[in-house]
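Engineer: Encoded as structure tokens, here's the structure I'll be asking about.
Just so it is clear, none of the values below were taken in a lab; they were calculated from the coordinates. Because the structure is predicted, anything quoted here is derived from the model rather than measured. When we count neighbours, we look across all protein chains shown, and the Cβ atoms used for this are built from the backbone with ideal geometry, even at glycine.
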Amino acid sequence: MAAISLLVAAPALGDDMERARSIVAATCAACHGLDGNSVVPNFPKLAGRHPDYIAKELGDFISGRRKSDIMASVVAALDTDDFKLLGAYYGSQQPTPGKVADPTIAENGKKFYFEGNEQTGVPACEGCHGTAAEGNRKFPRLAGQHREYLIEQILSFRTNARSTTRVMREVSVRMTDAEIKAVAEYLSSM
């Protein structure tokens, strides 16, 4: 009996992924890529992010909790029932690796990612985002993300322009510009 229900569920899952792919192609791909690997440094890569995290962020754009003029209008045109579907779609995509622009800065960023800065009270990034920076349902995948996007987001937390996570606000105000650039370089190289 379990095998029969599994066979019946399989086509439905395929239909859902096809629906998600259709939504992505029509709405999301221009900025984030059909496979979630944006080639534009200011648009985040979504491939490999946790499905629940993506769905939550879409909800935050709808509610106004997370601000973006571009995303607010795009997400407003979507059916909120599709948020989990889009999360599952992008979460199932294979992330592309990043590139190292400056190996010395990336090495400093790696040290900061795993150790933080005890003198200024900045905890290790690894504590929330994981050893491989793959994130989870609460914290985003950072591995391979565009350095420009990472820098922009950390600075948005610092200025409270992005206030969805109090922890990141507290962390970002303690980070120096050099630490922000270094950790972004390291993460983008993964």
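Engineer: Could you line up M168, M175 from fewest to most neighbouring Cβ atoms inside 10 Å? Don't skip to the end; give the middle numbers.
Structural biologist: Working: M168 18, M175 21.
Lowest to highest Cβ neighbour count: M168, M175.
Engineer: Among F157, P123, V173, which residue has its Cα positioned farthest towards the positive end of the charge dipole of the stretch 103-188, with +1 placed on the Cβ of Lys and Arg, -1 on the Cβ of Asp and Glu, and the dipole taken about the Cα centre?
Structural biologist: Going by the charge dipole, the pick is F157.
Engineer: At q = 0.10, 0.16 Å⁻¹, what base-10 log of I(q)/I(0) does the Debye formula yield for the chain when every alpha carbon is treated as an equal point scatterer in vacuo?
Structural biologist: At q = 0.10, 0.16 Å⁻¹ the computed log10 ratios are -0.43, -1.00.
Engineer: Find the lysine pairs in the chain meeting two conditions, Cα atoms under 17 Å apart and a separation of 8 or more places or different chains, and report how many there are.
Structural biologist: So the count works out to 11.
Engineer: Roughly how many nanometres apart are two label points built 7 Å out from the Cα toward the Cβ at E18 and T120?
Structural biologist: Result: 5.2 nm between the two label points.
Engineer: Between R169 and V100, how high is the FRET efficiency from 1/(1 + (r/R0)^6) when r is the Cβ-Cβ distance and R₀ = 30 Å? Nearest 0.05.
Structural biologist: The calculated FRET efficiency here is 0.55.
Engineer: Specify the inter-centroid distance of the stretch 71-92 and the stretch 95-118, based on alpha-carbon positions, in whole Å.
Structural biologist: 31
Engineer: In addition: Note the direction-averaged projected area, equal to a quarter of the hull surface, for the Cα convex hull of the stretch 103-188, in nm².
Structural biologist: Working: hull surface 19.7 nm².
About 4.9 nm², averaged over all directions.
Engineer: Taking amide H positions as placed in the peptide plane 1.01 Å from N, state which residues far from S92 in sequence (5 or more) or on other chains have amide H under 5 Å from it.
Structural biologist: Amide H neighbours of S92: G48.
Engineer: Using 7 Å Cα-to-Cβ label points, what is the K67/T159 separation (nm, one decimal)?
Structural biologist: The two pseudo-label positions are separated by 1.0 nm.
Engineer: Taking amide hydrogens as modeled 1.01 Å from N in the peptide plane, which residues meet the under 5 Å criterion relative to V122, leaving out close sequence neighbours?
Structural biologist: Amide H neighbours of V122, under 5 Å, 5+ apart: N117.
Engineer: On C-alpha positions alone, give me the angle between the axis of helix 177-188 and the longest principal axis of the chain, in degrees, nearest 10.
Structural biologist: Computed tilt is about 40 degrees.
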